[in-house]
1. Hey, any idea what Rg/Rh is for the range 82-208, computing Rh the Kirkwood way over Cα pairs?
2. Treat the range 58-137 as a sphere of radius equal to its Kirkwood radius over Cα pairs and apply Stokes-Einstein at 10 °C in a medium of 1.306 mPa s; give the translational diffusion coefficient in µm²/s, rounded to a whole number.
3. What ranking, highest mean first, results for peptides 180-187, 194-201 when packing means the other Cβ atoms within 10 Å averaged over each residue?
4. What does the extension gain come out to for Ala118 and Thr102, with contour length at 0.36 nm per residue minus their alpha carbon separation?
5. Which distance in nm do the two modelled labels at Arg94 and Thr130 give, with both placed 7 Å along the Cα-to-Cβ direction?
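Throughout, read-outs are computed from the coordinates displayed, never taken from laboratory work. Because the structure is predicted, anything quoted here is derived from the model rather than measured. Positions of Cβ are backbone-derived with ideal geometry, glycine not excepted, and every protein chain shown enters the neighbour counts.
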Amino acid sequence: MADQVVGFGARTGPMVDAVTMVSAKIQAIADATVAMFADAAEAPGRLAEAGRLLTGDGALGSPSTVLGAAAGAIAAALLVAMAVHHVLRPARLRLRGRVPETAERMAALVFEGLLLDAAPAAVYLAAGLTLDHMLFGPYGRVFVGTEVFRMVTSAVIINSAVAWFIAILLLLPIAAKRPNFRLLPIDDAQAERARNFVRRVVVTAAAS
């Protein structure tokens, strides 16, 4: 992915895209939860059933408390990924200035760039699933989540990470910020437009 993040306060770049993907997933789950309760309110008995599924008969607290805890864990995983992305920035800048002299060298440098780009996503996935297990698993430090709750949190983490990896792979031949590694016959302006288009598509798909 293109390196646009200068620090933790940056407004554009791959980390912001990742946050957007996760936020979209969380919002979709929140909307689905609201719809579930709205639908349950229309039929006697279904509202209580929806609450039981999400909060374990109310033992875990209110739906907003439960969803807030899940969002906090996911946000923590994102912060860890952001830290890794920040630490790897010098390596990405060094790689951007390198010029491959042979096809073999080109392949090696492209693969190195792929590893650098994928590292934060891999850390996010690992940290997210680890926190989910530690905080909400069978021996959860916060609470022992219900089966439905664990399915929801796992789906958010895995789906958003997969979307992140897909974006990395799709952006690899575009190389908007690494023109020396670009695999498509396009100029910088076209690469910028293609990158923005791919990001919009991936974020939209992640939210659906």
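1. On the way: Rg = 18.0 Å, Rh = 16.5 Å.
When Rh is taken as the Kirkwood radius, the ratio is 1.09.
2. The calculation lands on 107 µm²/s.
3. 194-201, 180-187
4. This chain segment gains 3.3 nm when fully extended.
5. About 2.5 nm, to one decimal.
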